[in-house]
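Q: Below is one structure. I have some questions about it.
The values are calculated or read from the model by the stated rules, or taken from the named source; none is laboratory data. Worth saying up front: this structure is predicted, and the values here are computed from it rather than measured. With ideal geometry, Cβ positions are generated from the backbone for all residues, glycine too; neighbour counts draw on all protein chains shown. We work out accessible area using only protein heavy atoms, side chains counted, and drop any ligands, DNA or RNA first. Shrake-Rupley method; radii C 1.70, N 1.55, O 1.52, S 1.80 Å.
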Amino acid sequence: MFRGENTILHLKPAPLNSGISFVRVDLPGRPRIPAHVHSLANNYRRIFLKHNDAEVECIEHLMASLAGLGIDNIEIEINGREVPAGDGSAQFFVDILKKAGTVDLGGTKRVFVVKNSITVESGNANIMAVPYEKGLSLSYTLDFQGSFLQQQTFDIEFTEESFCKEIAPARTFGLSTFIEEFRQLGLGKGVTDDNSIIVHKDGTMTKPHSMKPAELRFPNELVRHKILDLIGDLYLANVVIQGRIVATRSGHSLNARLAEKIVNLA
């Protein structure tokens, strides 16, 4: 979506305790990049991983799909550095993974139980993880402070069913003020009318190229997509979280910082 590269993924089974990794099959030696916070290199409006000289980016929707389906051992071969955007949501990956099917490898999933409050913040954005006995609960507040849209908040009890139904179909979006910024950086080349929504200052939402009105899959599709990103980013901790996550205005960078804190505490 950011660079518009044409890449092909092969999703392959991996042995127990091997984790999630990307393999750059287009590079000499087929270098492997672990999908882990230790590989984080850049979080400018997407997740960017690097190991030695090998890079992969825009992995968050795929990571959210893996988290939603409980997949924690997989090898992802890719012949470029950018994961395909699909329709801008996680539905693209969920459908592929469900069609392929999964196998229980046995063993025990790594679980991180939030026992004390954990907070990360930057300016007027913050995320807090607090103890919660029932599993994983997520809440996100989308707030542009009076511009673009009215405040939206969405809460969800995270299960495979709720993820697939309520979160996976939500597509990515961008503010109209980002368009020129992206052009200057040479990004956004993969944006299409089918995989993105543009939000304008007056609150209208359009397709990015035709500028025709965007048809939303949910009335609050945008805040649901922020939860999708949050789920994918936190899965870089490579653990199943038991706790309640409450986020306000957070993006990839802040989400990744919480994942790093979880890894340090696990």
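Q: Skipping prolines and chain starts, which residues have an amide H placed within reach, meaning under 5 Å, of the one on I241, given they are 5 or more residues away or on another chain?
A: F112
Q: Sorting check: for 211-218, 132-139, which peptide has the highest mean count of neighbouring beta carbons within 10 Å, and how do the rest follow?
A: Details: 211-218: 13.1, 132-139: 15.5.
Packing proxy ranking, top to bottom: 132-139, 211-218.
Q: Just from its helices, what would the mean residue ellipticity at 222 nm be for the chain, if runs of 4 or more DSSP H residues each count -39500 (n - 2.57) and the sum is divided by every residue, rounded to the nearest 500 deg cm²/dmol? Don't jump to the answer; show the numbers that get you there.
A: Numbers: 5 runs with 56 residues, N = 266.
The per-residue figure over the chain is -6500 deg cm²/dmol.
Q: Would you grab the residues whose amide H sits under 5 Å from the one on E82? Only those 5+ places off in sequence or on another chain, please, with H modelled 1.01 Å from N.
A: The list, which skips near neighbours in sequence, is E57.
Q: Quick one: among N238, N52, N220, which has the greatest mean-square fluctuation in a GNM of the chain with alpha-carbon springs under 10 angstrom?
A: Residue with maximal mean-square fluctuation among N238, N52, N220: N52.
Q: Another question, if that's okay. When averaged across all projection directions, what area in nm² does the alpha-carbon convex hull of segment 1-159 cover?
A: Numbers: hull surface 46.2 nm².
Its average projected convex-hull area is 11.5 nm².
Q: Now a separate question. For the chain, go through all pairs of different Cα atoms, get the mean of 1/r, take its inverse, and jot down that Kirkwood value in Å. Spell out each step's value before the answer.
A: On the way: mean 1/r = 0.0532 Å⁻¹.
One decimal place: 18.8 Å for the Kirkwood radius.
Q: What is segment 52-140 by shape, rounded, prolate or oblate, if you read a ≥ b ≥ c off the alpha carbon gyration tensor as root eigenvalues and call it rounded for a/c under 1.5, prolate for a/b larger than b/c, and oblate otherwise? Could the numbers behind the result be given before it?
A: Details: a/c = 1.89, a/b = 1.32, b/c = 1.43.
Judged from the Cα gyration tensor, segment 52-140 comes out oblate (a/c at least 1.5, b/c at or above a/b).
Q: Whole-Hz Karplus ³J(HN,Hα) for segment 101-113, in order, using 6.51 cos²θ - 1.76 cosθ + 1.60 and θ = phi - 60°, x for Gly and Pro?
A: Once θ is set to phi - 60°, the couplings for segment 101-113 become x, 10, 10, 6, 8, x, x, 10, 5, 7, 10, 10, 9 Hz.
Q: Sorting check: for 152-164, 243-255, 96-108, which peptide has the highest mean count of neighbouring beta carbons within 10 Å, and how do the rest follow?
A: 243-255, 152-164, 96-108
Q: Where only protein heavy atoms count, and the probe is 1.4 Å, what is the accessible area per residue for segment 113-266 in Å²? Mind dumping the intermediate values first?
A: On the way: 7420 Å² over 154 residues.
Averaged over the residues of segment 113-266, the accessible area is 48 Å².
Q: Determine, from the Cβ-Cβ distance of T102 and K201 and an R0 of 51 Å, the FRET efficiency 1/(1 + (r/R0)^6), rounded to the nearest 0.05.
A: The computed FRET efficiency comes out at 0.70.
Q: Can you grab the distance from the C-alpha centre of segment 152-178 to the C-alpha centre of segment 101-125, Å, no decimals?
A: Distance between centres, Cα-based: 18 Å.
Q: With a ≥ b ≥ c the root eigenvalues of the C-alpha gyration tensor of segment 188-229, is it rounded (a/c under 1.5), prolate (a/b larger than b/c) or oblate? Mind dumping the intermediate values first?
A: Details: a/c = 1.77, a/b = 1.22, b/c = 1.45.
Since a/c reaches 1.5 but b/c is at least a/b, the shape of segment 188-229 is classed as oblate.
Q: Taking all protein chains in place and a 1.4 Å probe, what share, in percent, of the accessible surface of the chain do carbon and sulfur account for?
A: On the way: 6270 of 12830 Å².
Of the solvent-accessible surface of the chain, carbon and sulfur hold 49 percent.
Q: Rounded to whole Å and sorted largest first, list the principal axis extents of the Cα atoms in segment 58-109.
A: 32, 20, 17
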